[in-house]
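Undergrad: Below you will find the structure I want to go over with you.
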Amino acid sequence: TSVCEKTGKQVVILIDEYDAPLLDVVHEETALPILRNVMRNFYSPLKDCDPHLEFVFITGITKFSQLSIFSELNNLKNISMQADYAGVCGITKEEMLTQMSDYIDDFAEAQQTSREEVIEGLKQQYDGYHFTWPSPDIFNPFSLLNAFQDRDYTNYWFSSGTPTYLIEMLRKFNVAPSRIGGGRLLASAFDAPTENMKSITPLLYQSGYVTIKDYDRSSRLYTLDIPNGEIRVGLMESLLPNYVHEYADDAGTTIGDMYVALIEDNLDEMFRLLQTYLLTVPYCDNANSEGHYQQLLYVIFSLFGRYVEVEVRTPTGRVDMVMKTSKAIYVIELKLNMSANAAIKQIDLKDYPSKFALTGLPIVKVGINFDPERRTIGDWSVMNALS
């Protein structure tokens, strides 16, 4: 009020990360209501100040019920999914190409590659965010600016530490790694308050671990998925300890060596490396199901994204896994305490390769059998889809 009276101008109030105090206790049934009341009292004076305010702009990571925090501010407007503001919280591709053009050229010179290849690499690593649809391509500003400074495709988003709360919530809702993203949902299922969420989707979306990738106007269903390579690698790296305890530096080395074997079309060597590694690490307690090993492989194959764009998915049907690289599509079937040949027969029986025939890439069938007693790969079989 005094500022307004002294200057004769209305005041603009900017509040960032309004939800930060609440996120620390969001999973605590006793503490959350207490702190929520404190925050409500903190914001309530804004109502009386209304004649002196030009506008108030409040931002945060997650969405709390407007009534629970801003009950007296009945003139707030949520612009999270408004098309007019789609690019306000990031760097759009157009902004990067124009305002940061010199940085792109410097990056290309440092990487000894072309400008076009750098733009594509930055897109795969840091792009992919959409907060409505249609939306411009939005890059993660923190990561993009760091990449321009270092002139390298580093994973920056998780460098400040593992998202412990997110990992805890994934466990609470029993969300398998392969089920993160890929869903089609109404906006009310993800643009929803997080303090009483019935699924993990609102947290994943609002925290930036999944984002809007498509929208069907007739059904009003949004397609959500992991935004880019940086998020996929960082997230899967955080999830790997759920499958093998005492995740150490040698895991990263093993995954790097496995990737080299993959791009050299030497899957036998790749699986030998994995077999040896799994023999040397302790497992968590539930390593006794086919689903457990399926998710373990999903996480490890996703980590190949540290080196190159890799698509790992479980499409409609009962195929266990599909891994797509620039060279081939690998249709992977897992068996537990059976045989690799049984896994190959399962692929042939369901005619899985035909589902991917239109991609134009060679299709490779991979059968893997896990030995639950030794807790590693027992045997595997790799063959061309025409075999």
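The values are calculated or read from the model by the stated rules, or taken from the named source; none is laboratory data. These numbers were taken from a predicted model, which means no experiment stands behind them. Glycine gets a Cβ as well: all are built from the backbone with ideal geometry, and neighbour counts include every protein chain shown. We work out accessible area using only protein heavy atoms, side chains counted, and drop any ligands, DNA or RNA first. Shrake-Rupley method; radii C 1.70, N 1.55, O 1.52, S 1.80 Å.
Undergrad: Tell me, what HN-Hα J-couplings in whole Hz come from the Karplus equation 6.51 cos²θ - 1.76 cosθ + 1.60 at θ = phi - 60° for each residue of region 136-143, using x for Gly and Pro?
TA: x, 5, 10, 8, 5, x, 4, 6
Undergrad: Under a 1.4 angstrom probe, counting protein chains only, how are Leu145, Leu349, Leu122, Leu273 ranked by accessible area, largest first?
TA: So the residues, ranked largest to smallest area, are Leu349, Leu145, Leu273, Leu122.
Undergrad: Further question on the same structure: Cys4 to Glu95: FRET efficiency via 1/(1 + (r/R0)^6), r the Cβ-Cβ distance, R0 35 Å, to the nearest 0.05?
TA: The value I calculate is 0.55.
Undergrad: Non-local amide H neighbours of Tyr129 (under 5 Å, H modeled in plane, Pro and chain starts lacking H): which ones?
TA: When sequence neighbours closer than 5 places are left aside, the close amide H contacts are Ile138.
Undergrad: For region 60-182, what is the accessible area per residue in Å² when the probe is 1.4 Å?
TA: 56
Undergrad: Can you give the % of DSSP beta bridges in the chain that are antiparallel, to the nearest 5?
TA: 65
Undergrad: With the cut-off at 19 Å, tell me which of the pairs Lys213/Lys365; Lys77/Lys198; Lys335/Lys365 have Cα atoms farther apart than that.
TA: Lys213/Lys365; Lys77/Lys198
Undergrad: Follow-up. Ignoring any ligand, DNA or RNA, what whole percent of the accessible area of region 78-189 comes from carbon and sulfur when the probe is 1.4 angstrom?
TA: Percent of accessible area from carbon and sulfur atoms in region 78-189: 48.
Undergrad: Give me the compactness ratio for region 17-62, meaning the Cα radius of gyration over 2.2 N^0.38 Å.
TA: Normalised Rg, Cα atoms only: 1.34.
Undergrad: On the protein heavy atoms, probe 1.4 angstrom, tell me the percent of accessible surface of region 1-54 carried by carbon and sulfur.
TA: Its accessible area is 54 percent carbon and sulfur atoms.
Undergrad: Here is a further query. Which residues' amide hydrogens lie under 5 Å from the amide hydrogen of Leu336, considering only partners 5 or more residues apart or on another chain, with H built in the peptide plane?
TA: Sorted by chain and number, the residues that satisfy this are Phe370.
Undergrad: OK, next. Which entries in the list Lys63/Lys172; Lys93/Lys324; Lys63/Lys324; Lys9/Lys93 go over 30 Å, if you measure between the two C-alpha atoms of each?
TA: Flagged as over cut-off: Lys63/Lys324; Lys9/Lys93.
Undergrad: What accessible area, in Å² to the nearest ten, does a 1.4 Å probe give for Ser199?
TA: 50
Undergrad: For Arg272, Arg232, give me the order by solvent-accessible area with a 1.4 Å probe, most accessible first, ignoring ligands, DNA and RNA.
TA: Accessible-area ranking of Arg272, Arg232, largest first: Arg272, Arg232.
Undergrad: Applying the Karplus parametrisation 6.51 cos²θ - 1.76 cosθ + 1.60 with θ = phi - 60° to the phi angles of region 370-376, what ³J(HN,Hα) value in whole Hz is obtained for each residue in order, glycine and proline being reported as x?
TA: 9, 9, x, 6, 7, 6, 7
Undergrad: Still on this structure: Once the other residues with Cβ under 14 Å from the Cβ of Thr62 are scored (Lys, Arg +1; Asp, Glu -1), what is the net sum?
TA: Once positives and negatives cancel, what remains is -4.
Undergrad: With the Cα gyration tensor of region 1-155 in hand, give its eigenvalues times 5 under a square root as the equivalent ellipsoid semi-axes, listed largest first in whole angstrom.
TA: Semi-axes, largest first: 39, 20, 14 Å.
Undergrad: Here is a follow-up. What figure in square angstrom, to the nearest 10, would you give for the accessible area of Glu168 with a 1.4 Å probe?
TA: 80
Undergrad: Considering only Ile119, Phe139, Tyr222, whose Cα is most displaced toward the positive end of the charge dipole of the chain, charges sitting on Cβ of Lys, Arg (+1) and Asp, Glu (-1)?
TA: Of the options given, the answer is Tyr222.
Undergrad: A follow-up question, please. Once the Cα atoms of helix 267-280 and of the chain are each reduced to a long axis, what angle between those two axes, in degrees from 0 to 90 to the nearest 10, is obtained?
TA: 70
Undergrad: Ranked from highest to lowest mean number of other Cβ atoms within 10 Å per residue, what is the order of the peptides 292-298, 49-55?
TA: 292-298, 49-55
Undergrad: Taking amide H positions as placed 1.01 Å from N in the peptide plane, with prolines and chain starts having none, which residues 5 or more places from Thr376, or on another chain, fall under 5 Å of its amide H?
TA: Residues meeting the amide H criterion: Asp371.
Undergrad: Still on this structure: Using only Cα positions of region 110-210, each an equal point scatterer, no hydration layer, compute I(q)/I(0) via Debye at q = 0.15, 0.17, 0.23, 0.24 Å⁻¹ and quote the log10 values to two decimals.
TA: Treating every Cα as an identical point scatterer, log10 I(q)/I(0) equals -0.76, -0.92, -1.28, -1.33.
Undergrad: Another question, then. What are the principal axis extents of the Cα atoms in the chain, in Å, biggest first?
TA: Here the spans come out as 81, 52, 45 Å, largest first.
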